[in-house]
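Structure first, commentary second.
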Amino acid sequence: MKFAHISDTHLGFRQYGIYERETDFYRMFEKVVSKIVSERPDFVLHSGDLFDAPKPPPRALWVAQRCFSKLREKGIPVYAITGNHDMLMRRGAMPPQVLFRDLGVRLLTDEEPFVEHKGTLICGVPYFSRHYSDVLKETLSTLSRKADKYAKSIIMIHQGTDRHMPKGFEIDMNSVPKNFSYYAMGHLHARITESYGKGKLVYPGSTELWSLNEYDDYKRNGKGFTLVDMHGDVPYVQNVTLELEREIIKQRLDAGKLEERLNMLREKLATLTKKPLLYLDVREGGFERSTLHDMLASKISDIVLSMRLSYISREDGGKVELKRTFDLPQIDDIIMEIMKDRKKAELAGALFRSLSVGNDEQARGEAGAFYESMGGSK
């Protein structure tokens, strides 16, 4: 038995507010699905964050519909769970994945957490925030007892663990049962494959570069999906890597030779068929911000889709080194610095993201879940 494992496709995400980047995510998903069809797996697992928001834009729904239709035409079912991005944080809410049930997408939920596929147990656990870690542990324990009755079993989990996401994890590895054959993980955008218990634990990573934090892993391991063969005693795992829609370049430049280096960079960028995302880190120079921006604008800005700049300059005779980043700081870091309380900062960040896109219903659900987890106290 062979299956494909994908995660964190984030359809509908418009990085930096750029339309072309939203399109890149759609095209990469279409590429992944086309490649999966050519591999002829028995089924597909999607371990969360199919969409970037629980109320995705119409185009995201349309792209998902077309891709799932292709899989259905080839007789390839999809088993999925919701991630933190594509689920509404309130009781009784219906995630967007349910729209594709007639296209062969089976969403595993709290009410229907498992299914059997040709003798293999497939379990799914939707995303749980840290506030509900006890419920998550109990759910995993219940499914583990179910897995004891099967020779081969799979569990989909959209969580960060203390081993793989030391900052901001939702569950510790000691709480993850060890009797499943394959752990189809989601949430972490890096590619990770390791032995765990009697099987393999795999984060296939995101299909596109959702954040600059993913850059190093992307350069090492690429983006795509995972193919898994379950015929042996231990699953055989193979990463399938596909080219991104556009180049993503991160480069450090020394300010002392800035003009020369920019001319060389321009020559390289001019050969690309699509405008790239460019991240520049300029070092070791005493220069005015306005001068730097003028130089970059004249030499680079017309041949890149977006340019993000950071630099370190020397002031006071070289005794002081300052770093200034021309980009939006991470909102979660700012909130945490102000509030000094992790749980309240998590709530404030969630409310900010929901309300900033007009999702009042999501915000109310998140606030209700928070106060319920605190015993209803305010």
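The values are calculated or read from the model by the stated rules, or taken from the named source; none is laboratory data. From a predicted model like this one, the values you see are computed outputs, not experimental measurements. With ideal geometry, Cβ positions are generated from the backbone for all residues, glycine too; neighbour counts draw on all protein chains shown.
Restrict the check to the stretch 75-93 and report whether at least one residue is in contact with a helix residue (DSSP H, G or I) (Cβ under 9 Å, 6 or more places away or on another chain), at pLDDT 95 or above, assigned by TED's automatic domain parsing to the domain that holds residue 227 and part of a helix (DSSP H, G or I).
No; the residues of the stretch 75-93 include none that is in contact with a helix residue (DSSP H, G or I) (Cβ under 9 Å, 6 or more places away or on another chain), at pLDDT 95 or above, assigned by TED's automatic domain parsing to the domain that holds residue 227 and part of a helix (DSSP H, G or I).
What are the residues in the stretch 44-67 that are in a strand (DSSP E or B) and not hydrophobic (A, V, I, L, M, F, W, C), if any? Show your work before the answer.
Just the residues of the stretch 44-67 that are in a strand (DSSP E or B), to begin with: 44-46, 51.
The answer is 46, and nothing else.
Might you let me know whether the stretch 54-64 holds any residue that is among the charged types (D, E, K, R), out of contact with any Gly (no Cβ under 9 Å at 6 or more places or on another chain), over 28 Å from residue 347 (Cα atoms) and surrounded by fewer than 15 Cβ atoms within 10 Å (Cβ to Cβ)?
Within the stretch 54-64, not a single residue is among the charged types (D, E, K, R), out of contact with any Gly (no Cβ under 9 Å at 6 or more places or on another chain), over 28 Å from residue 347 (Cα atoms) and surrounded by fewer than 15 Cβ atoms within 10 Å (Cβ to Cβ).
When you look at residue 80, is it more than 13 Å from residue 156 (Cβ to Cβ), among the hydrophobic types (A, V, I, L, M, F, W, C) and surrounded by 16 or more Cβ atoms within 10 Å (Cβ to Cβ), yes or no? Don't jump to the end; show me each part of the working.
Working: more than 13 Å from residue 156 (Cβ to Cβ): no; among the hydrophobic types (A, V, I, L, M, F, W, C): yes; surrounded by 16 or more Cβ atoms within 10 Å (Cβ to Cβ): yes.
No, not satisfied.
Answer with yes or no whether residue 78 is among the aliphatic types (A, V, I, L, M) and in contact (Cβ under 8 Å) with a residue 12 or more places away in the chain. Write out each step before concluding.
Details: among the aliphatic types (A, V, I, L, M): yes; in contact (Cβ under 8 Å) with a residue 12 or more places away in the chain: yes.
Judged against the criteria, residue 78 is a match.
Just give me the residues in the stretch 94-113 being part of a strand (DSSP E or B) and surrounded by fewer than 19 Cβ atoms within 10 Å (Cβ to Cβ), in sequence order. Before you say what the answer is, go through the steps one by one.
Of the residues in the stretch 94-113, the ones part of a strand (DSSP E or B) are 105-107.
Residue satisfying the conditions is 106 alone.
Among strands (runs of 3 or more DSSP E) lying entirely in the stretch 125-202, which contain 1 or more residues that are aromatic (Phe, Trp, Tyr) and either surrounded by fewer than 20 Cβ atoms within 10 Å (Cβ to Cβ) or at pLDDT 95 or above (or both)? Outline the logic, then answer.
Numbers: elements: 153-158, 182-186, 192-196.
Strands (runs of 3 or more DSSP E) meeting the threshold: 182-186, 192-196.
Scan the stretch 229-240 and give yes if some residue there is outside the structural domain of residue 272 (by TED's automatic domain parsing), modelled with pLDDT of 95 or more and either among the charged types (D, E, K, R) or at positive phi (or both), otherwise no.
Within the stretch 229-240, one or more residues are outside the structural domain of residue 272 (by TED's automatic domain parsing), modelled with pLDDT of 95 or more and either among the charged types (D, E, K, R) or at positive phi (or both).
When you look at residue 331, is it among the β-branched types (Val, Ile, Thr) and modelled with pLDDT under 80, yes or no? Show your work before the answer.
Numbers: among the β-branched types (Val, Ile, Thr): yes; modelled with pLDDT under 80: yes.
Taking the combined requirement at face value, the residue satisfies it.
Any chance the stretch 205-219 includes a residue that's surrounded by 12 or more Cβ atoms within 10 Å (Cβ to Cβ), in contact with a Ser or Thr (Cβ under 6 Å, 6 or more places away or on another chain) and in the same structural domain as residue 310 (by TED's automatic domain parsing)?
Within the stretch 205-219, not a single residue is surrounded by 12 or more Cβ atoms within 10 Å (Cβ to Cβ), in contact with a Ser or Thr (Cβ under 6 Å, 6 or more places away or on another chain) and in the same structural domain as residue 310 (by TED's automatic domain parsing).
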